[in-house]
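The values are calculated or read from the model by the stated rules, or taken from the named source; none is laboratory data. Please read all numbers here as calculations on a predicted model, not as lab measurements. Here the Cβ is made from the backbone with ideal geometry for all residues, glycine too, and neighbour counts use every protein chain on show. Surface accessibility is based on the protein's heavy atoms, side chains included, excluding ligands, DNA and RNA. Shrake-Rupley method; radii C 1.70, N 1.55, O 1.52, S 1.80 Å.
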Amino acid sequence: SSSDDDKGSTSNSNAGSSGELKKVTYVTAFGAVGRDSFAWVAKEKGFFKDAGLDVTIQKGAGNAPNLGLIKGKQAEFAALDFTGAEIQAGKGAFTNWRAIAAIHQQTLVSIMTTADTGITKPTDLSGKTVGTAAGSVSELLFPAYAKLAGLDPKTVKIQGAQPTALNALMAQRKVDGLSTFLLSKKALETASKKQVVVLPYSQYLSDLFGNAIIARDDVISSDKEMVRKFAEAAMKGLQYAVDHPEEAAEIMHKAEPTAAVPAAVGELNAMKPYVSPPNGATLGHLDQERVARSIAILQGNGLMPAGLTPDKVVDFSFIPAS
Amino acid sequence: MTDIEAGSRGSRVWTNGVLPTLGVVITIAVWWLATEVFHIDPFYVPSPADVVDKFLEMPGFLVQESWITVQRVLIGFVIAVAGSLIIAVTLAASRTVERMAMPVLAAVNAIPKVALAPLLLVWLGFGNTPKIVMVVLVSFFPVIVSTMAGLTSTPTDLRELARSLKASWWQTFVKVRLKWALPQIFVGLKVATPLAIIGAVIGEVVSPDHGLGSVIVGSSASSDTTLAFVALVLLAVIGVVLFYLVAGVERLLVPWAKAISS
Amino acid sequence: MTDIEAGSRGSRVWTNGVLPTLGVVITIAVWWLATEVFHIDPFYVPSPADVVDKFLEMPGFLVQESWITVQRVLIGFVIAVAGSLIIAVTLAASRTVERMAMPVLAAVNAIPKVALAPLLLVWLGFGNTPKIVMVVLVSFFPVIVSTMAGLTSTPTDLRELARSLKASWWQTFVKVRLKWALPQIFVGLKVATPLAIIGAVIGEVVSPDHGLGSVIVGSSASSDTTLAFVALVLLAVIGVVLFYLVAGVERLLVPWAKAISS
Amino acid sequence: MITIDGVSQTFKGRSGSVEAIRDVSLEIGDGEFLTVIGRSGCGKSTLLRMIAGLLKPTAGTVSVAGEVVRTPRRDVAMVFQKAALLPWRSVEDNILLPVEIFGWRRSEYRPRAEHLLEMTGLTGFRKRLPHELSGGMQQRVSLCRALIQSPKVMLMDEPFSALDALTREELAVELQRIHMELGTTIVFVTHSIQEAVLLADRVAVLSSRPGRVRRLVEIPIPRPRTFGHNAHLDQVAGVSAELHSLLLSDDHLPASPQKSH
Amino acid sequence: MITIDGVSQTFKGRSGSVEAIRDVSLEIGDGEFLTVIGRSGCGKSTLLRMIAGLLKPTAGTVSVAGEVVRTPRRDVAMVFQKAALLPWRSVEDNILLPVEIFGWRRSEYRPRAEHLLEMTGLTGFRKRLPHELSGGMQQRVSLCRALIQSPKVMLMDEPFSALDALTREELAVELQRIHMELGTTIVFVTHSIQEAVLLADRVAVLSSRPGRVRRLVEIPIPRPRTFGHNAHLDQVAGVSAELHSLLLSDDHLPASPQKSH
Ligand SMILES: Nc1ncnc2c1ncn2[C@@H]1O[C@H](COP(=O)(O)OP(=O)(O)OP(=O)(O)O)[C@@H](O)[C@H]1O
Ligand SMILES: Nc1ncnc2c1ncn2[C@@H]1O[C@H](COP(=O)(O)OP(=O)(O)OP(=O)(O)O)[C@@H](O)[C@H]1O
Ligand SMILES: [Mg+2]
Ligand SMILES: [Mg+2]
């Protein structure tokens, strides 16, 4: 999709090295939205090219398809929800990948509701209906979250629905709250025209990561240097994107006209706090301890069998030391 | 191409019982072989044995969910068929109405129904209604198109006969045109049946509460491909059964159609 | 019910041009009125004006994406039709094959294709192929069923004529059976056209690179309902155009069908 | 009973138009038996369809019982040139179709249907479907279907064409009986000059395309007339010869359709 | 040329079976003109279909030119009782259908088609579709379609039934000419005794259902024979009367189909 633009920029700035550019395919987490805009930024700003890469950006369609694309060797790199990917790896479904950088240090899954429901804390959800994308990570994580937040998950009715229907359901008060990514807050505000209350899961599940960039393991073993360069370039792009949200949004909009600029800017601003690692570690850092704890949480809540170890989902050799 | 009809009892059992079973068995065998020979990852395509094992883990539950889906399919299908027949008759009766309505129907039909899911959910909520509406939305068009084609293909001599008897519109319709159209209507019904099933599944994926669609959603949540395949196989079984049910009704209602053609 | 054909130029323009336009205009008017009168939130259903405005924000891009979808639809549709015709002919030629294959086809057809999307992605990756495969998967069945119905409905006297001339199987097929089946095949084609469009969109939603399906994905990712509606309207337009294209080809190929029926 | 007044019919088709009937005027009396002869393609069926109200004349009017015919009438029954049987109905049900459509009681008419079947030699085929019948048998079914209506006017388009000489004669006798008993007005198209003469009060000879009434011949033989070797053999032979030469004096087979505009 | 040896045909249907033909044996010589008469439904078409190889006899065999008939042969042409025209083909294209199917060159046969059209009075209708023709015109097209094949054997099932007396006579003359010129063996089913006598070398009279050969009548009138008022009028009348009484001596119209098992 973006390879045409790519050719253009190649010939403009760095014609000499164009012959050596290595072609790789990267799949975004979901379509072209704010949280994924950094890929286009890295490409447009020449970060990938500087790393010797000619990156084709493909729009993803969620965890399962993205993991499928990695498994089917249709792509070298992908972004996806790390927690969901951990669960799938834990179940032995997809194992030919390792995370190489974190996009969001914390899970973005949150309870969202409108102010008029009077729900301000997790325990208010008791006896209420929560809508969630059927089969999503947020649905899977809800019991764990509820328990930690002192709420009996059995007292909450979980209503699965198609993701695109969630905001409408909330706005129409067909449900009392949503369990979804907090990045859709702005969209929910637009839909409901009400103040939106956000209760992030990360408040109780602070060890879970949000999105991460993964690489195929055979790519890692065959060209470690390239993978490292890719991760670095992507993180450079991420940094640039959160620092210049408007520009990032414009860059993405140029490549993908359906991506609305204001929405992307809103997302980038909303995700900024989640991007920087704690303790001043470099961007993209994946803490081995936290990964281990996140696995423990998922196993402890019966979301996957025991046996997964952090090194099976993360290649820590790419993680910049803190 | 032979003149002698294969009419004996034995050959009937052969053609209507053994051969279809054979076809299904061969398909399953090929599937099995493929998974074995090409070492297809069971995560993508589990072997038939895995699927059977999975089914036997929770047969009661799966049968119950299947039944829920079947009910939705049937209700929606009946509504769709009834509605389509009425619409088709109206369109076939008035050229003006037909010319005005047909593009709208074609347009509505070309819209991917999944995209309407949010609307359906917001307006109809959860439960059976949105699924049934989905079934209707997905399966009405083939019945309309085929019924109209059938109704407008009455041979001139039969139409003249009805006219010469001064049969009322309704009499002509029931005794001549509809009867004549039946074989073609059944083409529409046969095409609509699987669509109805898919419609129900779409509905159940959009607002998963029960049914095989929600089993598929659940299985994808837990990356349980085998369970998803169990659901798909059950849907396929439902598809075949409903298809042959429709074909059976056709045999009952239009035995003469075979006789006047070869 | 009149004998006198409405054959004058003016009335042709009326029935084939003015009436359909009128139908579309009425639909849009009702849509508009509904959004105005019931104060429907544009988040759910934007007004036609909003949709037009949105379209005019990026007409070039949208037309280009539509064109990509159309290409996929057309390629897939042609493949599906060609394949279906071959399959239908095979099935119509041999009762044994028909009895064996039909349940398998009915089963395959009843499986929701979206559930197969991940498989397609793994095997076929990005680009046009998975979308075209989806188009084929979604639209083959109606053509098979209707073609088979058409091929097996040749009147006995025409079949006997061909036999008495000792026409080869192929001659009988081309000169008699296929010709006779054409009106019914076109029923299948008309039903398959919108399905092909939906198939392309499903493919594009599953691996969104280009096309209106990916516009829908993009719009839902940024909660831009109006953009989604623009895509839906464009799909509807494509649906209508393709439907009438098929109907036009039908008129060209089977002008006689109308003449021998009323 | 039937007044045909300056009736014309021109068919417009893709490849030019065909003038089938030109300016035909005829007066058919109540209870009259009129036979129509004329060369193949001269417009006999077209004329009948116009009388039946199935086809609007492009010029002129047809009246039946004083009323201008615009749509078909229930007291006019038509026997089509092709049998036009409903393929899904058994022989008996095909015959009872008019009964059903007129809203009469089937049970009341079943004996009559039975009788007609017997008369036409179809008794054993009551429950068969049309495709199991021979051509002549189908034609007889279609005849029964018209007879069961006991119509005031019967328009018969070559009703005996597929029947053997004997069946033809037997049915002709029956038809005369019905004609006389019920006073039915009958317009009967045939290609058999002998049949035309033996059945008719008057014979209308149509010229070849465009069909015009070439001659109206009175047949003053008393009824009931028997076929074969009857008393009026000479008279019949004479009229037959006359009709034959009338047809003959027409041009050779008409070659091309009249292309108007 | 054609040997029919102990042929029977029983149709099995839902409502019992019908014995259409029982044990018919016939020897038809090379170049012979055989006409077949018999009551409607007695199995004439069935017999023709068996000779044509369209229907397998339930007992007995048919041989043409020494070979047992199992499938249709290209040197045998059939004129069906129903016109069986392809509704999407123009008159000319319908006539040229056998030419196409036999892989002959259309251009070579177009003049012949033209000639046949002229002979049957259809010239102006070359480009019309069958539904624009009258019943008799359709029948003539179907006749032309058989004639264009110049077959060795021609099986004709009431080919003139929808034609007027004159056209009938003209075409009968043509048919005799073709028969004599090309030495075509012709089996000709008709309901007209006069036609049967005037065309045939021999007339086969079938009994009513189940059809058996009731009598074979030789017609020793020298050819070419003319119709109407010819020299052998007496002879013709005599044979006609004989045939008539043969048919008559048969039972009344057969009532019910033979129900075997
Ligand atoms: N396909 C069929 N199925 C069942 N019965 C049939 C079939 N075809 C013919 N028959 C029966 O066989 C008998 C002979 O039919 P056939 O058509 O040979 O008669 P025919 O002598 O040609 O009569 P006609 O002069 O009326 O054309 C009839 O009683 C008919 O009912
Ligand atoms: N529907 C039609 N469209 C065009 N032309 C027609 C149509 N019906 C009849 N004709 C033409 O009108 C003329 C008269 O046809 P009609 O059927 O009345 O003849 P007919 O006298 O009944 O002949 P036949 O004795 O062969 O049945 C024919 O030349 C025919 O081609
Ligand atoms: Mg006629
Ligand atoms: Mg016959």
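For segment C:230-252, give me the residue count where each residue is open to solvent by 70 Å² or more (accessible area, probe 1.4 Å) and more than 13 Å from the chain's Cα centre (by Cα). Summing the residues that are open to solvent by 70 Å² or more (accessible area, probe 1.4 Å) and more than 13 Å from the chain's Cα centre (by Cα) in segment C:230-252 gives 2. In the set B:Val63, B:Val25, only one residue is within 24 Å of the chain's Cα centre (by Cα) and in the same structural domain as B:Pro130 (by TED's automatic domain parsing); that residue is B:Val63.
In the condition set (1) away from chain E (no Cβ under 12 Å); (2) more than 16 Å from ligand 3 (Cβ to nearest atom), D:Gly121 is compliant with all but (1).
Taking the criterion of being of a type outside the set (Asp, Glu) and under 13 Å from B:Pro118 (Cβ atoms), the residues of segment C:212-230 that qualify are C:Ile216, C:Ser219, C:Ser220, C:Ser223, C:Thr225, C:Ala228, C:Phe229.
Listed conditions (1) crowded, with 20+ Cβ neighbours inside 10 Å; (2) in a helix (DSSP H, G or I); (3) within 10 Å of chain B (Cβ to nearest Cβ) are all met by D:Ala83, apart from (2). Of the residues in segment B:162-170, not one is crowded, with 21+ Cβ neighbours inside 10 Å, among the polar types (S, T, N, Q) and in contact (Cβ under 8 Å) with a residue 24 or more places away in the chain. Of the residues making up segment E:30-54, just one is of a type outside the set (Lys, Arg), open to solvent by 20 Å² or more (accessible area, probe 1.4 Å) and within 9 Å of ligand 1 (Cβ to nearest atom), namely E:Ser45.
For C:Leu119, the requirement of being open to solvent by 10 Å² or more (accessible area, probe 1.4 Å) and at the interface with chain B (Cβ under 9 Å from one of its Cβ atoms) is met. As a summary of the residue check, C:Ile40 satisfies the conditions (1) within 30 Å of C:Phe140 (Cα to Cα); (2) assigned to a loop (DSSP other than H, G, I, E, B) except for the one numbered (1).
Quick one: in segment C:180-195, of everything that is without any contact (Cβ under 8 Å) to a residue 40 or more places away in the chain and open to solvent by 20 Å² or more (accessible area, probe 1.4 Å), which residue is nearest to the other protein chains (Cβ to nearest Cβ)?
By that ranking, first place goes to C:Gln184.
Beta carbons closer than 6 Å, at least 6 apart along the sequence or on distinct chains, pair a first residue in segment D:187-205 that is more than 21 Å from D:Leu147 (Cα to Cα) with a second that is more than 16 Å from ligand 2 (Cβ to nearest atom) and of a type in the set (Asp, Glu) for D:Arg202/D:Glu218. Here segment D:178-194 is the region considered, the condition is being open to solvent by 10 Å² or more (accessible area, probe 1.4 Å) and within 16 Å of ligand 3 (Cβ to nearest atom), and the residue that is farthest from the other protein chains (Cβ to nearest Cβ) is D:Ser192. Only residues that are among the hydroxyl-bearing types (Ser, Thr, Tyr) and under 23 Å from C:Ala167 (Cα atoms) were counted in segment E:80-136, giving 3. On the stretch given as segment C:41-73, residues that are open to solvent by 20 Å² or more (accessible area, probe 1.4 Å), among the aliphatic types (A, V, I, L, M) and at pLDDT below 90 total 2. When E:Ile221 is tested against (1) over 21 Å from D:Thr167 (Cβ atoms); (2) modelled with pLDDT of 90 or more; (3) more than 16 Å from ligand 4 (Cβ to nearest atom), only condition (2) is not met.
Being part of a helix (DSSP H, G or I), open to solvent by less than 10 Å² (accessible area, probe 1.4 Å) and either more than 25 Å from E:Val205 (Cα to Cα) or more than 16 Å from ligand 2 (Cβ to nearest atom) (or both) holds for only one residue in E:Val62, E:Val99, and it is E:Val99. At least 3 residues being within 20 Å of B:Ala101 (Cβ to Cβ) and either among the acidic types (Asp, Glu) or more than 7 Å from every other protein chain (Cβ to nearest Cβ) (or both) is the threshold, and among the helices (runs of 4 or more DSSP H) wholly inside segment C:196-262 those reaching it are C:225-253. Just to be sure, is E:Val153 farther than 21 Å from D:Lys82 by Cα, more than 13 Å from chain D (Cβ to nearest Cβ) and either touching a Gly at 6+ places or on another chain (Cβ under 7 Å) or within 16 Å of ligand 4 (Cβ to nearest atom) (or both)? Considered against the rule, which asks whether it is farther than 21 Å from D:Lys82 by Cα, more than 13 Å from chain D (Cβ to nearest Cβ) and either touching a Gly at 6+ places or on another chain (Cβ under 7 Å) or within 16 Å of ligand 4 (Cβ to nearest atom) (or both), E:Val153 comes out as no. Within segment A:230-263, the set of residues being in contact with a Leu (Cβ under 7 Å, 6 or more places away or on another chain) and open to solvent by 30 Å² or more (accessible area, probe 1.4 Å) comprises just one member, A:Gln239. The one condition from (1) open to solvent by less than 20 Å² (accessible area, probe 1.4 Å); (2) in contact (Cβ under 8 Å) with a residue 40 or more places away in the chain; (3) out of contact with any strand residue (DSSP E or B) (no Cβ under 6 Å at 6 or more places or on another chain) that A:Tyr201 does not meet is (3). Of all residues in segment D:58-74, those that are within 17 Å of B:Leu165 (Cα to Cα) have Cβ atoms under 7 Å from Cβ atoms of residues that are among the polar types (S, T, N, Q), 6 or more apart or on another chain, in D:Val69/D:Ser63; D:Pro72/B:Ser164.
Among strands (runs of 3 or more DSSP E) lying entirely in segment A:157-268, which contain 2 or more residues that are within 30 Å of B:Gly211 (Cα to Cα)?
So the answer is A:157-161, A:177-181.
Selection of first residues in segment E:125-148 that are among the hydroxyl-bearing types (Ser, Thr, Tyr) and of second residues that are within 15 Å of ligand 3 (Cβ to nearest atom), restricted to Cβ pairs under 7 Å at least 6 apart or on distinct chains, gives the following pairs, ordered by first then second residue: E:Ser134/D:Ser40; E:Ser134/D:Gly41; E:Ser134/D:Ser45; E:Ser142/E:Ala83. Filtering segment E:125-139 to residues that are at the interface with chain D (Cβ under 7 Å from one of its Cβ atoms) and near ligand 2 (Cβ under 9 Å from one of its atoms) leaves E:Phe125, E:Arg128, E:Glu132, E:Ser134, E:Gly135, E:Gly136, E:Met137. Restricting attention to segment D:1-34, the residues that are more than 9 Å from ligand 2 (Cβ to nearest atom) and farther than 15 Å from D:Gly211 by Cβ add up to 14.
When segment B:122-147 is filtered for residues that are within 15 Å of C:Ile197 (Cα to Cα) and open to solvent by 10 Å² or more (accessible area, probe 1.4 Å), only B:Val138 remains. Yes or no: E:Ser150 closer than 20 Å to C:Ser164 by Cβ, open to solvent by 20 Å² or more (accessible area, probe 1.4 Å) and in contact with a Ser or Thr (Cβ under 6 Å, 6 or more places away or on another chain)? In short, no. Right, A:Thr56: modelled with pLDDT of 90 or more and under 17 Å from the mean Cα position of the chain (by Cα) or not? Criteria not met by A:Thr56. How many of the residues in segment D:202-213 are within 21 Å of D:Gln235 (Cα to Cα) and either open to solvent by 10 Å² or more (accessible area, probe 1.4 Å) or touching a Pro at 6+ places or on another chain (Cβ under 9 Å) (or both)? Counting residues in segment D:202-213 that are within 21 Å of D:Gln235 (Cα to Cα) and either open to solvent by 10 Å² or more (accessible area, probe 1.4 Å) or touching a Pro at 6+ places or on another chain (Cβ under 9 Å) (or both) gives 1.
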